[in-house]
Structures are given as C-alpha cells and as structure tokens.
1. Give me the 1.4 Å probe accessible area per residue for the range 203-242, excluding ligands and nucleic acids, in Å².
2. Given 25 °C and 0.890 mPa s, compute D for the range 82-157 with the Stokes-Einstein relation, Rh being the Kirkwood radius over Cα pairs; round to the nearest whole µm²/s.
3. With a 1.4 Å probe and all protein chains left in place, how much of the accessible area of the range 71-153 comes from carbon and sulfur atoms, in whole percent?
4. Using per-residue counts of other Cβ atoms within 10 Å, averaged over each peptide, order 114-127, 291-304 from highest down.
5. Going by Cα centres, the range 103-122 and the range 232-247 are how many Å apart?
6. What relative contact order, as a whole-number percentage, does the range 212-334 give when Cα pairs under 8 Å and 6 or more residues apart are counted?
7. Would you rank 318, 206 by solvent-accessible area, highest first, keeping every protein chain in place and using a 1.4 Å probe?
8. Accessible area per residue of the range 71-153 at 1.4 Å probe, in Å²?
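The values are calculated or read from the model by the stated rules, or taken from the named source; none is laboratory data. Keep in mind that what you see is a predicted model, and the values were worked out from it rather than measured. Glycine gets a Cβ as well: all are built from the backbone with ideal geometry, and neighbour counts include every protein chain shown. Note: areas computed on protein heavy atoms with side chains; ligands, DNA, RNA excluded. Shrake-Rupley method; radii C 1.70, N 1.55, O 1.52, S 1.80 Å.
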Amino acid sequence: MTPSPPDDADAAASDAAGSETTDVTAPVGRPVRRAISALVERPLSVAFIATLGVLGGLVLGSAIGSITTIIASIVLALFVALGLDPVVRLLEQRGLSRGAGMAIVFGVFVLLVVAVSVFVLPSALAQVGQFVRALPGAVADLQQADWFTALPADFQAAATTMIDEVGAALTAPETLALIGGGVLAAGVGIVSAVSAGFVVVALTLYFLAALSSMKQALYALAPARNRPKLTELTERVTASVGSSLLGAVTLSALNACVVLLLHLIIGLPYPALMAMIAFVITLVPIFGSVVFLVVGTLVALLSDGTQALIFGASYLVYVQLEAYIITPRVLNRAISIPAALVLIAAMIGGTLMGVLGVLVALPVMASILLILREVVVPTQNLKV
C-alpha cells in the first residue's frame, strides 16, 4: 500500500516552519557576513577606521594619565568628606546646625593637619637622615652586643654572615645613591602634596557642604520605583565608607601616639620617624599592627637589646588591647571584611595609589561587599 502524498495543509505548515527557522537563524550570521564582506571589498577603509579607533584610545588614555593628579585630589577630597560626615551628623544630633558642625569639624581637622605638618613632619624628615647615616654602624655593632655574644656559635656565624652582607649592601655606592634619590623624591613629593593640599581642602569643604544634595541628584537619576532601595543602599554605603575611613585613621593615629610615647619613655631613638611609619603601616587593620610590631622591634634592636625587648612586649600588650577592645568600639558601624580580603585590598590599593590607595581600598571593599550582600545575592536567590 503506497503512502498518500501530503496534503496542502501539511505542506503549508512545513513551509512555514522552514521559513520560521530561516528567519530565526539568518540574523545571527548576517553581521559576521557583512563584516567579512566589508573587509574583503574595502580593506583600506576598514584598516583606516581601526587605526582611528586605536589612536582615539591612546589619546584618551594619555588624557586620563595627564589628569591623574586631579582625579586623585577629587577622590581624596570625597573620601575625606565622607570620613568627616559622621562627626558632623553627630554634632547635628546634639542640636547644632549643619553649618556650625561643619565649621567645628573642619576647623579641628585643619588644625591637626597644620600641627602635624609643623611639629611632626620636619622632625621625622630629619630623623630619616640620622637613621640612614647611623644604620651601617648600628648593624656592625650588633656583633659586639652582649645578647649577641650569648647566642650559640652556629647562630652567631650565620647571623654574622648575614650582618656582613647587609652592611656591605648598605655602604655600597649604588645603595647610597638610591637612598639619596629616594629622599629627594620624597622632598619633591612633599612640596607637591602641600601645593595640592589647598585644592583638596577646598574640595573637601565643598563636598562636605553639598553631600546631601549630591545624594539627592543621584537618587533622581534612578526610576521612581527603585529610589527607596537606592536611597537605603546609598546611605548604608556612605555610612560604611565614612565609618571605615574615620575608624582607620583614628586607630592609626592612636598607634602613632602609643609608639611615640613608648620611644620617649624607653629612650629609643627616632621617635617621630617611627611614629610616622606606624601611622602609615597600621592603616591596614589586622595585619598593620603585627607588621609594625616586627619592624619596630627590629629597629629598636639596632639600639639596645633590652630596650627592644621592652618595646616589643609593651607594644604587644597594646596590640591585644587594640584587637579586642579598641577596634570593635571604633569600627562598630563599618562593614566587616574577611581578613584575606583586607590584605588583598590593601595590596591592590597600595600598588595603584600608594598610601592613599591603602586608605581608600578598605572602604571600597566594604562597599562592594555590601552591594553583593544586599543586591546581587538576593537577586540570585530569586532565580530558582
């Protein structure tokens, strides 16, 4: 029995299905075919357009590179304003107007910066030169110290070899030239920082005054249905950034004060220099205090073994107090960041922008974590 030919309805359905398949798949390859056809038919035109695109990218990158200092000043001013805003809000809650709170907070901030620049910074720079000049002799004198001669003979031989290599490296002409160039570059950098500081101060004052209006302008860009969520998230992010910055600077300043007092009480050299180093290193929470414990003890060891032991023990006690009592009270409003992410953020920020990058990286990481927890994770949980 022969099969019957398909009727007209089946043929029409088959043609429709085939045409539908063709319509769906055809647009996928159409741009590729057009690009290949244009490349074959007009290779010079395509190459010229591609060259213009590359040149435009290079010009844009060069323009961004030339205004890096301006961008850094704007970012620093914005973050300083976010760090000072919690204090201004606290004064507002006490009954002061925002203008009066801004005047008080900004006045205290400027006085602190001026005091550090006038009284601490010159002493620290002078002690840098003293430390560089005294370092080779101090390293050589370690071999004659009583605590060193009391060590086992094998350890003395290994330590003597290492000390001799360090002394030779420190007294090498290229090392001295590198140190001199670094000090000169630091001096030039300080002069540039002072000149740029006036711009940062002016921008900080403006951002602090216009912070609320800036937030309202940001909310207006979002659709009306999303504004409540955006408002809540932005307030939490800015509060977290402000608390993180203010807390990090407060902890670092407290570390610097403790180091300065310990050096003055114990009688260790270079108190201002070590206080400045402590301030910079301890901007990284969790790891900064531990790193400076090692650095500070080693530097104190160049002076006297007993003094180094006293300093290490005293600063270790302070590190424990900071970790379990001071830090939870100072950073109570900041977003908690895992220790590994703290280290990663500090390394990335320090590589990109130096000390400023370390200071900014942690609030940025806290903001990213907050957005992931409040926006990304709930959105993914709804996808079942």
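1. Here the residues of the range 203-242 average 56 Å² of exposed surface.
2. The estimated diffusion coefficient comes to 143 µm²/s.
3. In the range 71-153, the share of accessible area belonging to carbon and sulfur is 72 percent.
4. For the peptides 114-127, 291-304, the packing ranking is 291-304, 114-127.
5. Between the Cα centres of the range 103-122 and the range 232-247 lies a distance of 24 Å.
6. Across the range 212-334, relative contact order equals 26 percent.
7. 206, 318
8. That works out to 57 Å² per residue.
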